[in-house]
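Asker: Below are the structure tokens for one structure; questions will follow.
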Amino acid sequence: MTGRERILAVTAGGKPDHLALMPITMMFAARHAGALYGQYARDYRVLAECQFRVAETFGFDYVSAISDPAREASDLGAGIEWFEDQPPAIREAEALLGDKSALARLALPDPLAGPRMSDRVAAVRMLREGAGRDHIVEGWVEGPCAMAADLRGMNTLMLDFSDDPTFVHDLFEFVVEMDLRFARAQVEAGADLIGVGDAAASLVGPRLYREFVFPYECKLIAGLREMGALVRLHICGNTRRILAEMGRTGSHIVDLDYPSPLAEGRAAMGPSQVLLGNIDPVRALRNATAEAVEASLEGCLADAGPNWIVGAGCEIPVGTPDENVHLMARFARSHG
């Protein structure tokens, strides 16, 4: 099987020849290929080349256009801080929607015209052309809670949940419509799969998640599926209190970060949900011996069962020994 066939098989409920391998690599990929991360995030050609290099070296089953959470916000007009060798950051003190009334005047951006969104679309197109039918090509959008926090400011959004719930619903509706447009452009450029990164969703608590975030994640994911895309939901942090809901979003793949045990995810979501993760990227991968990495992977497989994709809880960090990443690939290939 090719990597693409392998991921298609596991997400369709079939039996791949061995475990699929889909770790997130951004700064690790750039460093591996000798590129500065500022270039990786700004120039689709650098991103694609780094993804091809890391996938070829370590035998990954996919390539990804993920880079940073500031693409949509930047094209809407948010202030972005750039760094030579770090991801760009949104200047929260200058939040684009510091004044709530600005939402009514905010126009949906054209994903083929805005410089940063169009750069990701171009990355997807180049990844598709280079990957052919051998690898899954992954596009990426921000989830409703994460994107709202980028536009409003994290602390302010947390107050909005109680102070102005109507505004939060309006903001989430805007975000979902924007990211469906962004995702469609990526799918048309060749993305097989769209990742949804909703890191802020782990911070709101289960009651607010169920009331505000979950319905809009479901709406976004349903729209992505209607386009024919596979969907990967990635919520960083401790999601133990919302695992059941994450399994009901309709995502083909649900990532679990290391604070959320795979055994609990499997119990909450059932045997058919494909899980990905979740060894600690730092303690159990970057700073671990080869024996410890293998033991962590064995534990993940025992807890998750066969509908599991090999990966870390979040991004493989810079400084991770190449041998530990090669070990992940050998583990995937040796387990059918």
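The values are calculated or read from the model by the stated rules, or taken from the named source; none is laboratory data. Small disclaimer: the values here were computed from a predicted structure and weren't measured. Positions of Cβ are backbone-derived with ideal geometry, glycine not excepted, and every protein chain shown enters the neighbour counts.
Asker: If you take just the helices (runs of 4 or more DSSP H) that sit entirely in region 245-336, which of them hold at least 3 residues that are of a type outside the set (F, W, Y), within 26 Å of S67 (Cβ to Cβ) and within 22 Å of the chain's Cα centre (by Cα)?
Answerer: Those helices (runs of 4 or more DSSP H) span 322-333.
Asker: Can you pull out every residue in region 95-142 that is assigned to a loop (DSSP other than H, G, I, E, B) and either basic (K, R) or under 13 Å from E188 (Cα atoms) (or both)?
Answerer: Residues satisfying the conditions are P111, L112, R133.
Asker: Kindly establish whether E72 is farther than 30 Å from D164 by Cβ, among the acidic types (D, E) and not in a loop (DSSP other than H, G, I, E, B).
Answerer: Here the answer is no, as E72 does not meet what is asked.
Asker: Now for a different question. Just one of R116, R91, R105 is of a type in the set (K, R) and within 28 Å of R53 (Cα to Cα); which is it?
Answerer: Numbers: R91 fails: within 28 Å of R53 (Cα to Cα); R105 fails: within 28 Å of R53 (Cα to Cα).
Exactly one of R116, R91, R105 is of a type in the set (K, R) and within 28 Å of R53 (Cα to Cα), namely R116.
Asker: Oh, and also: Residues in region 36-46: is at least one surrounded by fewer than 23 Cβ atoms within 10 Å (Cβ to Cβ), of a type in the set (V, I, T) and over 25 Å from S118 (Cα atoms)?
Answerer: no
Asker: What helices (runs of 4 or more DSSP H) lie completely within region 1-52 and have 1 or more residues being over 18 Å from E138 (Cβ atoms)?
Answerer: 27-33, 37-42
Asker: A follow-up question, please. At pLDDT 95 or above, under 16 Å from the mean Cα position of the chain (by Cα), crowded, with 18+ Cβ neighbours inside 10 Å and not in a helix (DSSP H, G or I): is that true of V196 in this structure?
Answerer: The answer is yes for V196.
Asker: Still on this structure: Taking the condition surrounded by 21 or more Cβ atoms within 10 Å (Cβ to Cβ) and acidic (D, E), does D255 pass?
Answerer: When the stated conditions are applied, D255 passes them.
Asker: Evaluate the following for S202: is it assigned to a helix (DSSP H, G or I), crowded, with 18+ Cβ neighbours inside 10 Å and among the polar types (S, T, N, Q)?
Answerer: It is true that S202 is assigned to a helix (DSSP H, G or I), crowded, with 18+ Cβ neighbours inside 10 Å and among the polar types (S, T, N, Q).
Asker: Further question: If you scan region 144-188, which residues turn out to be surrounded by 24 or more Cβ atoms within 10 Å (Cβ to Cβ) and of a type in the set (F, W, Y)?
Answerer: F182
Asker: Mind checking which residues of region 53-68 are in a loop (DSSP other than H, G, I, E, B) and of a type in the set (V, I, T)?
Answerer: Selection gives I66 alone.
Asker: For a quick check of your reading of the model, give me the residue pairs whose first member lies in region 208-223 and is among the β-branched types (V, I, T), whose second is surrounded by 18 or more Cβ atoms within 10 Å (Cβ to Cβ) and assigned to a helix (DSSP H, G or I), with beta-carbon atoms closer than 6 Å and at least 6 apart or on different chains.
Answerer: Between residues of region 208-223 that are among the β-branched types (V, I, T) and residues that are surrounded by 18 or more Cβ atoms within 10 Å (Cβ to Cβ) and assigned to a helix (DSSP H, G or I), the close pairs are V213/C145; V213/A201.
Asker: Right, another one. Output the residue which, of all residues in region 11-35 that are within 22 Å of E315 (Cβ to Cβ) and either hydroxyl-bearing (S, T, Y) or more than 18 Å from the chain's Cα centre (by Cα) (or both), is surrounded by the most Cβ atoms within 10 Å (Cβ to Cβ).
Answerer: Across region 11-35, the extreme among qualifying residues is T25.
Asker: Looking at region 75-89, which of its residues are part of a strand (DSSP E or B) and either at pLDDT below 95 or out of contact with any Ser or Thr (no Cβ under 9 Å at 6 or more places or on another chain) (or both)?
Answerer: Pass one, region 75-89, residues part of a strand (DSSP E or B): 80-81, 89.
Passing the criteria: E81, A89.
Asker: Name the pairs: first residue in region 73-95 and among the charged types (D, E, K, R), second residue crowded, with 18+ Cβ neighbours inside 10 Å, Cβ to Cβ under 6 Å, at least 6 apart or on different chains?
Answerer: Matching pairs, first to second residue: D75/P109; D75/G114; D75/R116; D75/M117; D85/Y37; E92/G153.
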